[in-house]
Amino acid sequence: MSIRNTPTRWGHIAQFLHWLIVILVIIQVTLASIAEDLPIGPKKIEVYAWHKSVGITVLCLAVLRLLWRWANPTPELPSTLKPYERVLAKVTHVGLYVLLFAQPLTGWMMTSARGFPVSWFGFLQLPDFVPKNQALYNGMKETHDTLALALYVIVFLHVAAALKHHFFLKDDVLRRMLPFTKRKSE
């Protein structure tokens, strides 16, 4: 398999970035859930610090993934898709990218507006994105929480579509993003 994308398959780099982001988003959801359940104290701050660091990592990887996507051909959608399915596929992918940028950015703004620092795993202190402001914090928290729900919905649709293609339509849409697999025709 190729490092670069082809018209029929995602390359190694695109696959690696895709699945790494998937893993990190799952970690993000887990960390946020753990932190919300903890009482105010050092452990809660530590878990949120990890959540922020992983969020910044997702943001950086999303930038890399988008640049890689622009520099490589995107595998073609199956010719069997109806026009509305093609539109849904594009809207879902755009939505995923928008949310992969918006989630960490709103989290960074929210943290800055609250007056807390954002660092990347303690190695790099990031500048405040916005000045300390309670009203802005409240708005960004609401936005961050709402975007999380939107991300859950779009991820569900994305996974459901991939599974539909694999198990019901029996095409290569899922297989071409899975590492260590070949197309049916290969």
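The values are calculated or read from the model by the stated rules, or taken from the named source; none is laboratory data. Here the structure is a predicted model, which is why all the values come from computation and not from measurement. With ideal geometry, Cβ positions are generated from the backbone for all residues, glycine too; neighbour counts draw on all protein chains shown.
Data for the structure
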| read-out | value |
| --- | --- |
| Gly139, sole failed condition from (1) surrounded by 12 or more Cβ atoms within 10 Å (Cβ to Cβ); (2) of a type outside the set (Asp, Glu); (3) out of contact with any Ser or Thr (no Cβ under 9 Å at 6 or more places or on another chain); (4) on the phi > 0 side of the Ramachandran plot | (4) |
| Output for region 94-144, where each listed residue is over 23 Å from Ser33 (Cβ atoms) and in contact (Cβ under 8 Å) with a residue 60 or more places away in the chain | Leu126 |
| Residue check for Ala62: farther than 14 Å from Gln28 by Cα, in a helix (DSSP H, G or I), touching a residue at least 60 places away in the same chain (Cβ under 8 Å) and of a type in the set (Gly, Ala, Ser) | no |
| Hits in region 153-186 (condition: modelled with pLDDT of 90 or more, over 22 Å from the mean Cα position of the chain (by Cα) and either of a type in the set (S, T, N, Q) or more than 16 Å from Pro78 (Cβ to Cβ) (or both)) | none |
| Hits in region 78-93 (condition: farther than 30 Å from Asp145 by Cβ and without any contact (Cβ under 8 Å) to a residue 24 or more places away in the chain) | Ser79, Leu81, Lys82, Pro83, Tyr84, Glu85, Arg86 |
| Close pairs (7 angstrom Cβ cut-off, 6 or more residues apart or separate chains): part of a helix (DSSP H, G or I) in region 19-37, of a type in the set (D, E, K, R) anywhere | Ile21/Arg65; Ala35/Lys44 |
| Given (1) in a helix (DSSP H, G or I); (2) surrounded by fewer than 17 Cβ atoms within 10 Å (Cβ to Cβ); (3) among the charged types (D, E, K, R), index of the condition Asp128 fails | (1) |
| Test for Leu99: is it crowded, with 16+ Cβ neighbours inside 10 Å, within 26 Å of Ile56 (Cα to Cα) and at pLDDT 95 or above | yes |
| The listed residue being of a type in the set (A, V, I, L, M), in contact with a helix residue (DSSP H, G or I) (Cβ under 7 Å, 6 or more places away or on another chain) and not in a loop (DSSP other than H, G, I, E, B), out of Leu100, Leu67, Leu77 | Leu100 |
| Matching residues in region 106-125 - criterion: being under 20 Å from the mean Cα position of the chain (by Cα) and buried (at least 18 other Cβ atoms within 10 Å of the Cβ) | Thr106, Gly107, Trp108, Met109, Met110, Thr111, Val118 |
| Residue check, His51 of a type outside the set (A, V, I, L, M, F, W, C), assigned to a helix (DSSP H, G or I) and either under 24 Å from Ser33 (Cα atoms) or touching a Lys or Arg at 6+ places or on another chain (Cβ under 6 Å) (or both) | yes |
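Okay, residues lined up against (1) at pLDDT below 95; (2) aliphatic (A, V, I, L, M):
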residue	(1), (2)
Arg4	yes, no
Leu24	no, yes
Leu38	no, yes
Pro42	no, no
Trp50	no, no
Ile56	no, yes
Val63	no, yes
Arg69	yes, no
Asn72	yes, no
